[in-house]
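These notes concern the structure reproduced below.
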Amino acid sequence: MATIKILIEWYAKQLEHGRKASSTCCLIKAEDKKIITDPGCNREKLLKALKKEGLDTADIDYVFLSHQHPDHILLAGIFENAKYITFDANLIYDKDLMLTFDKNILGPDIEIIETPGHVLEHLSLLVNTPEGKIAIAGDVIRRVEGEEQIVDISHPDHSQAKGMDMDTLIESRKKLLSIADYIIPGHGKIFKVDK
Ligand SMILES: [Zn+2]
C-alpha cells in the first residue's frame, strides 16, 4: 500500500492586482518510489516541506502533473532525477527522452486515470492507502477563495479555461466520487466521500 502526505495545502488570496495562490502538493510513497504531485509555484514552501520529510529534490523519482495550468506546474523542473507523468497522456518524460506512456509505471497501488473537463488533457491519481482509496483530483474538484467547500457535481468551473467542458467535467467528477473514499482537490481541503 502507498502513503500520501499533503506537503502544501492549496492557498489563495485576492490581491489588488491579481492573486497569491498555489495548488495542493502531495508526496506519495509507494514501494520504493517517491512521487510528487502538482508541485505548484512556491519554491520556498516546497523545499521546506521536503526538508521536513528528510528529502531533497534529487530524491524524487516521479513528478505527476495533473494538467497544464502554471499554478500546478511552475516548479516541475526542480526535481533533477525525476521522470514526469503529465497531462500529455501519451508520453512519460525523462529529461529529453519522451517515452511510451505506461499507466502501470507507479506500481500496483497507484492508478493513473483520465479526468477531462476542467481542460481537455487532465489526469488524476487513485491511490490505495491504509485509509482507503484516495483520489488526487487536480482541478476536477476545486473551489475558489472565500467559497464554502461543498460537494456539488454541477458546481461551476470559475477558471473559464480554454477547453473547459462542463458536461465532461461532471462525468469526471462522478467517476472520482464513485471510486474514491477520500478526495484531495487541487484547490481545497481533503474530504471523505459520502457513500
Ligand atoms: Zn487548473
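This table checks each residue for (1) over 22 Å from residue 134 (Cβ atoms); (2) surrounded by 14 or more Cβ atoms within 10 Å (Cβ to Cβ); (3) within 16 Å of the ligand (Cβ to nearest atom); (4) modelled with pLDDT under 95.
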site	(1), (2), (3), (4)
65	no, yes, yes, no
81	yes, no, no, no
87	no, yes, yes, yes
91	yes, yes, no, yes
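Within the stretch 124-156, restricting attention to residues that are in contact (Cβ under 8 Å) with a residue 60 or more places away in the chain and acidic (Asp, Glu), the residue that is farthest from the ligand (Cβ to nearest atom) is 145. State whether one or more residues within the stretch 128-139 are crowded, with 22+ Cβ neighbours inside 10 Å and in contact with a Phe, Trp or Tyr (Cβ under 6 Å, 6 or more places away or on another chain). Within the stretch 128-139, one or more residues are crowded, with 22+ Cβ neighbours inside 10 Å and in contact with a Phe, Trp or Tyr (Cβ under 6 Å, 6 or more places away or on another chain).
All of 95, 175 fail the test of being surrounded by fewer than 16 Cβ atoms within 10 Å (Cβ to Cβ), of a type in the set (Lys, Arg) and over 19 Å from residue 24 (Cβ atoms), apart from 95. Of the listed requirements (1) in contact with a helix residue (DSSP H, G or I) (Cβ under 6 Å, 6 or more places away or on another chain); (2) modelled with pLDDT of 95 or more, residue 125 misses just one: (1).
Could we say that residue 115 is under 15 Å from the mean Cα position of the chain (by Cα) and either at pLDDT 95 or above or hydroxyl-bearing (Ser, Thr, Tyr) (or both) here?
Working: under 15 Å from the mean Cα position of the chain (by Cα): yes; either at pLDDT 95 or above or hydroxyl-bearing (Ser, Thr, Tyr) (or both): yes.
So residue 115 fits the description; yes.
Restricted to strands (runs of 3 or more DSSP E) entirely inside the stretch 16-74, those with at least 2 residues that are in contact with a Leu (Cβ under 9 Å, 6 or more places away or on another chain) and under 27 Å from residue 101 (Cβ atoms) are 25-30, 33-37, 62-64.
Annotation note: Cβ proximity below 7 Å between a residue of the stretch 168-192 that is without any contact (Cβ under 8 Å) to a residue 40 or more places away in the chain and a residue that is of a type in the set (Phe, Trp, Tyr) (sequence gap 6+ or interchain) occurs for 192/182. Quick check: is even one residue across the stretch 173-186 part of a loop (DSSP other than H, G, I, E, B), farther than 27 Å from residue 34 by Cβ and either acidic (Asp, Glu) or modelled with pLDDT of 95 or more (or both)? There is no residue in the stretch 173-186 that is part of a loop (DSSP other than H, G, I, E, B), farther than 27 Å from residue 34 by Cβ and either acidic (Asp, Glu) or modelled with pLDDT of 95 or more (or both).
Residue 121 meets each of the listed conditions (1) more than 16 Å from the ligand (Cβ to nearest atom); (2) more than 23 Å from residue 20 (Cβ to Cβ) apart from (1).
The values are calculated or read from the model by the stated rules, or taken from the named source; none is laboratory data. Only a predicted model underlies this, so the values are computations on that prediction, with no experimental measurement involved. Here Cβ is always computed from backbone atoms with ideal geometry, including for glycine, and neighbour counts include all displayed protein chains.
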